[in-house]
Amino acid sequence: MMQPCNIMTERLYARSARSQPFILPTGLILLAACAPELQMQGRQTLRLVENSPSTAALTGWSVIATDADTPSDQLEWSVADRRFILQDSPDGTGKMLAVRAGQQFDFEAEQNRDGILPVPVIVWDGSNAAIITVPVQLTDLNDHRPVFAKSAVMVQLKNGGAHTKLWQAQATDGDGTAAHNTLAYSLGPSADRHLFVIDSKTGEIYGTSRLTGAGSSAGAGSAGLDGNFLASQSVTLLWPACPSPAPRRPPLLRITRPTAALSANPKRSSIRHR
């Protein structure tokens, strides 16, 4: 909050040691009792691309300072974030931020993962200070490769049923925004590729038909793409061989002799004699 601006006049011998007065023609001095006022002009949010060293000023804006009792050329400017410096605006009426020489910004290393860097700009008139926070939008780059935990895996399956989930490929990406860390999965080149399908969003691998046969293994190479970088993983799937079904024997034909009672009464017998 700005302090109230009360113009004070003092004799030369009564001035404060910390104040920076200027002498009036009457022999009185004017102490800096009014706080500076700061105002941004131009764009309200500045943009900076990560990992791009630049000493150029962030153009399109400036901070203007006014003070009722201190000339503008006696105001002291500073910036709290030491990664930035201040430069004079082209018209000389204010200041602009510029990146300090050799300084780079890593989007993922910043505490504010939304990419907004609050940069305090401070003006001091010798007695009072004013602060304005300049928002700098740090733009994330696609500069991290997706990574699989292992470059090759071997998976032992309990069964190789058709359309069942066999394996899920999972890769990670260190970029800080969804636009650059969302992966698309696909199957890599393989002689067994026709045996599998993969969900491009989840990395889940399914069999297209039942996996059978002795020696029971197949390769399903998976890949993760983040739009710029590609990572690959070799997946070998093993499944138990299906046992051969037992040969089916024809049913036995049982022939039994009719009992004596049935033989005595041919009409009730289940076996007719000719």
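The values are calculated or read from the model by the stated rules, or taken from the named source; none is laboratory data. Computed from a predicted structure; not experimentally measured. Cβ atoms come from the backbone with ideal geometry, glycine included; neighbour counts cover every protein chain shown. What goes into the accessible areas is simple: the full protein's heavy atoms, side chains included, and nothing from ligands, DNA or RNA. Shrake-Rupley method; radii C 1.70, N 1.55, O 1.52, S 1.80 Å.
Observations, loosely collected:
- Taking trypsin sites (Lys or Arg not before Pro) across the stretch 130-191, the ones in a DSSP loop with at most 12 further Cβ atoms lying within 10 angstrom of their Cβ are Lys150, Lys158.
- Considering only the Cα atoms of the stretch 33-110, their convex hull presents on average a projected area of 5.9 nm².
- Per-pair calculated FRET efficiency, R0 = 51 Å: Gln41 and His194 via Cβ, rounded to 0.05: 0.20
- Of the solvent-accessible surface of the stretch 104-231, computed with a 1.4 Å probe and all protein chains present, 54% belongs to carbon and sulfur.
- For Lys165, the aspartates and glutamates whose Cα falls under 20 Å of its own Cα, not counting residues fewer than eight places away in the same chain, are Asp192, Asp199, Glu204.
- Structural descriptor for the stretch 104-235: relative contact order 25 percent, calculated from alpha carbon pairs under 8 angstrom and at least 6 residues apart.
- Gyration tensor (alpha-carbon) shape descriptor, the stretch 49-93, a/c threshold 1.5: prolate
- Accessible carbon and sulfur surface of the stretch 58-102 relative to its total accessible area, %, 1.4 Å: 49
- Averaged over its residues, the stretch 105-193 has an accessible area of 53 Å² per residue, based on protein heavy atoms and a 1.4 Å probe.
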